[in-house]
Every structure is written in C-alpha cells, then in structure tokens.
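Undergrad: Next up is a structure, given as structure tokens.
Values in this text are rule-based calculations from the coordinates and carry no lab data. Everything numeric in this text was worked out from a predicted model, so none of it was measured. Here the Cβ positions follow ideal geometry from the backbone for every residue, glycine too, while neighbour counts run over all protein chains shown.
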Amino acid sequence: MRTVPSSVPGASAPAFPDQLVEDVDAARFLGLRKPETLGKRQLRQMRRRGDGPPFVPIAHKTVRYSLTALRRWVEARTVTNTAEARELREVGCE
C-alpha cells in the first residue's frame with residue numbers, strides 16, 4: 001500500500017518540504033478533477049506544453065513532483081482579480 005504525503009488532502013504520512021510525489025498525488029495537491037485519470041492526463045499535457053509545474057524525470061515515463069515546487073508554482077499563479085488571471089492566460093500560463 002502506497003503512503004501519500006499529509007499535505008495531500010486525505011493523506012496520512014508526514015510530508016517533508018522537498019519530498020517528491022507521484023503525478024496522481026501532485027494532481028490531488030493541485031485539486032485537479034479525477035486525479036487518478038484526468039488529473040494525471042492534465043499534468044502530462046502540461047509537461048508537453050511546458051506550462052505546468054516543474055517536475056523531476058526519474059526514469060523512462062516516470063516523473064515526480066517536489067512539494068516545494070508545487071507550492072511555488074501555485075503561489076506564482078495566484079491572482080487577486082480576473083484581469084490578472086486574463087494576463088496569465090495571455091502569456092501562456094494556463
């Protein structure tokens with residue numbers, strides 16, 4: 001049975017700031033819908049486009065995400081109004 005970091009909703013194990021998590025756990029952390037299927041696919045598409053969170057290639061078809069990098073990516077995309085959100089979309093951060 002796989003243990004997920006406690007910073008992921010519904011998880012139980014303690015998380016370390018630079019802990020690496022699998023794509024399904026990153027999808028849960030980001031609040032993507034259906035993390036086991038659609039969320040993983042969304043992350044894969046973002047990796048291909050280059051507009052997703054930073055990732056660590058571990059082996060062929062295996063990537064991990066740093067919890068610290070995920071938090072920073074979310075913080076960089078946090079806006080206070082719809083005009084800022086529109087600007088992010090225009091520069092390709094969606």
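Undergrad: Can you tell me the order of 54-64, 20-30 when each peptide is scored by its average per-residue count of other Cβ atoms within 10 angstrom, highest first? Show your work: numbers first, answer last.
TA: Numbers: 54-64: 11.1, 20-30: 21.4.
In decreasing order of mean packing, 54-64, 20-30 become 20-30, 54-64.
Undergrad: Could you state the orientation-averaged shadow area of the convex hull built on the Cα atoms of region 20-90, in nm² to one decimal? Intermediate results must be reported in sequence, preceding the final value.
TA: Numbers: hull surface 19.7 nm².
Averaged projected hull area, Cα only: 4.9 nm².
Undergrad: Additional query: Let's see if you can work this out: charge +1 on each Lys and Arg Cβ, -1 on each Asp and Glu Cβ, no other charges. What is the dipole magnitude of region 20-90 about its Cα centre, in debye to the nearest 20? Numbers along the way, then the final one.
TA: Values: 16 positive and 9 negative charges, 62 e Å.
Around 300 debye, computed over region 20-90.
Undergrad: Let me ask something else about it. Say each of ALA76 and GLU90 gets a label point 7 Å from the Cα, pointing the same way as Cα to Cβ; how far apart are those two points in nm?
TA: It is 2.0 nm.
Undergrad: Here is a follow-up. Under a crude label model (7 Å from the Cα following the beta-carbon direction), how far is GLU22 from ASP51 in nanometres?
TA: Spacing of the two 7 Å Cα→Cβ label points: 2.8 nm.
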